[in-house]
Amino acid sequence: MSRQAMTLSYIFALGLIALAACSGFLATQWAANSAAMGEAARAKLAEQGVTTTQIIQHAEQYLQMLPDADKQRARQDLIDLTQQFSATHQAISHGRFGRHKIDIRTPQLYAAYFHDENGLLSIFALFQREIDTLLRLERTQDIDVYHPQAQRVLKELPRRILAQLNTVVRLHRDENEARLNQAVRYSGASTLGILIILVLEGLLIFRPMIALVAEKQRRLREANLRLEHIANADELTQVNNRNKVREIEQRERSRADRSKQALGCILLDIDHFKQVNDSFGHSAGDEVLQQVAQTLQAGTRAVDYVIRWGGEEFLVLLPGISEMDCQLAAEKLRKMIASSTPSNGIGVTVSIGVTVTYGSEELDSVVARADEALYSAKSSGRDRVCLASTQADSDREPVHENH
């Protein structure tokens with residue numbers, strides 16, 4: 001998958017997650033609103049039930065044999081309650097339950113509210129008419145609580161109202177629970193959708209993206225290693241060049257300070273190398289340099305450093321080695337070079353200068369001392385090893401490592 005495709009897929013996945021999250025949020029809000037509306041409906045219906053009970057109480061009081069002043073006051077209270085009952089009736093019939101506007105025309109609620117004479121609103125209207133009839137009859141007849149009209153107002157219709165109120169409240173509760181359950185299902189589906197999208201996003205987008213980043217990092221590390229190798233390796237022989245010397249010096253001096261190990265120094269020069277170039281050409285001379293470098297690498301330890309010092313000179317640094325072992329290592333290298341058979345058939349010998357330092361001396365000084373020993377080897381006939389002893393070697397015993 002290309003980088004552009006992964007980016008577009010990632011944006012698309014984020015869009016799906018946002019859509020799923022919004023769906024879950026809207027479902028939750030819808031459930032909360034439904035719960036609030038259901039609670040408002042139940043409160044309004046409970047209020048109508050309380051008003052019904054109060055009407056019954058005041059009607060009973062009104063029908064008792066009271067003084068005219070008390071009877072007039074009871075009549076007015078009954079009329080006020082009836083008007084309150086009527087106002088609540090009108091609000092409910094239009095779906096207004098406090099600050100909420102509720103659709104009561106869903107199938108079950110519609111039947112409970114509007115079904116012929118058994119609907120709640122029909123019973124409300126009938127109750128109001130019966131109260132008005134009761135008030136008119138009472139003015140023309142002597143009636144009491146046992147009168148058939150009074151019984152309709154005081155017992156029959158209130159029982160029907162309260163029973164239907166309970167039915168409607170139960171329907172509102174059931175509808176509210178159904179909506180809550182539906183909202184929970186929506187929220188669960190939304191959450192599950194988000195999890196699925198995240199898993200797919202991880203498998204199809206982030207995993208390839210991480211793999212792509214890891215591959216780029218690997219290539220970058222390889223490129224850095226190649227650059228470092230180019231910067232620190234001799235182009236012809238592929239051993240360390242002089243750029244690497246300061247890093248090696250710092251590392252080995254730090255190690256020498258910690259563990260008190262010596263550092264052996266071997267400086268060698270190919271004998272009569274100018275004659276090789278003059279007689280066989282520079283291409284043959286390059287092959288000789290490569291052959292010597294390979295022999296030096298084969299004849300040293302993994303912890304040793306082989307460095308092309310310049311021209312036909314090579315420097316070998318050997319950590320943790322005594323002066324005697326360093327001299328033996330140099331002799332071994334001299335013999336290996338002298339006995340090696342180059343592919344071009346040109347055999348060479350080397351002259352070697354050897355010395356040892358104990359970490360407190362600058363590398364330039366150590367190499368200068370090895371160079372003096374190398375000069376002595378050349379002056380005394382070449383193809384040999386000369387040692388430049390140090391005072392420190394006679395005063396202390398360095399750590400020995402077998403070569």
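Couple of notes before you dig in:
- Among residues of the range 139-176 being of a type in the set (S, T, N, Q) and touching a residue at least 40 places away in the same chain (Cβ under 8 Å), the one that is surrounded by the most Cβ atoms within 10 Å (Cβ to Cβ) is Q164.
- Near pairs, Cβ below 9 angstrom, 6+ apart or cross-chain, from the range 184-196 (in the same structural domain as S23 (by TED's automatic domain parsing)) to any residue that is part of a helix (DSSP H, G or I) and surrounded by fewer than 12 Cβ atoms within 10 Å (Cβ to Cβ): S190/C22
- Filtered residue count, the range 231-248, keeping only those that are modelled with pLDDT under 85 and either among the charged types (D, E, K, R) or touching a strand residue (DSSP E or B) at 6+ places or on another chain (Cβ under 8 Å) (or both): 1
Results for (1) in contact with a Leu (Cβ under 7 Å, 6 or more places away or on another chain); (2) farther than 22 Å from R251 by Cβ; (3) aliphatic (A, V, I, L, M), shown as yes or no for each residue.
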position: G281; (1), (2), (3): no, yes, no
position: D286; (1), (2), (3): yes, yes, no
position: Q291; (1), (2), (3): no, yes, no
position: L296; (1), (2), (3): yes, no, yes
position: I307; (1), (2), (3): yes, no, yes
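- Boolean, R226 is assigned to a helix (DSSP H, G or I), without any contact (Cβ under 8 Å) to a residue 40 or more places away in the chain and not assigned by TED's automatic domain parsing to the domain that holds S365: yes
- Residues (surrounded by 17 or more Cβ atoms within 10 Å (Cβ to Cβ) and touching a residue at least 60 places away in the same chain (Cβ under 8 Å)) located in the range 229-248: D234, T237, V239, N240, N241, K244, V245, I248
- Residue in the range 292-308 that is out of contact with any strand residue (DSSP E or B) (no Cβ under 8 Å at 6 or more places or on another chain), outside any helix (DSSP H, G or I), hydrophobic (A, V, I, L, M, F, W, C) and in contact (Cβ under 8 Å) with a residue 24 or more places away in the chain present: no
- Where a residue in the range 363-386 is surrounded by 22 or more Cβ atoms within 10 Å (Cβ to Cβ) and its partner, wherever it lies, is in a helix (DSSP H, G or I) and not hydrophobic (A, V, I, L, M, F, W, C), with Cβ under 6 Å and at least six apart: V385/E331; V385/R334
For every residue, the table says whether it meets (1) among the aliphatic types (A, V, I, L, M); (2) buried (at least 16 other Cβ atoms within 10 Å of the Cβ); (3) over 46 Å from the mean Cα position of the chain (by Cα); (4) not assigned by TED's automatic domain parsing to the domain that holds A150.
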{"site": "A21", "(1), (2), (3), (4)": "yes, no, no, no"}
{"site": "A31", "(1), (2), (3), (4)": "yes, yes, no, no"}
{"site": "E39", "(1), (2), (3), (4)": "no, yes, no, no"}
{"site": "T52", "(1), (2), (3), (4)": "no, yes, yes, no"}
{"site": "L63", "(1), (2), (3), (4)": "yes, yes, yes, no"}
{"site": "D70", "(1), (2), (3), (4)": "no, no, yes, no"}
{"site": "F97", "(1), (2), (3), (4)": "no, yes, yes, no"}
{"site": "A112", "(1), (2), (3), (4)": "yes, yes, yes, no"}
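- Qualifying residue in the range 116-138 (condition: modelled with pLDDT under 85, assigned by TED's automatic domain parsing to the domain that holds S34 and surrounded by 15 or more Cβ atoms within 10 Å (Cβ to Cβ)): yes
The values are calculated or read from the model by the stated rules, or taken from the named source; none is laboratory data. Keep in mind the model is a prediction, meaning the values are calculated, not measured. Using ideal geometry, Cβ is built from the backbone for each residue, glycine included, and neighbour counts are taken over all protein chains shown.
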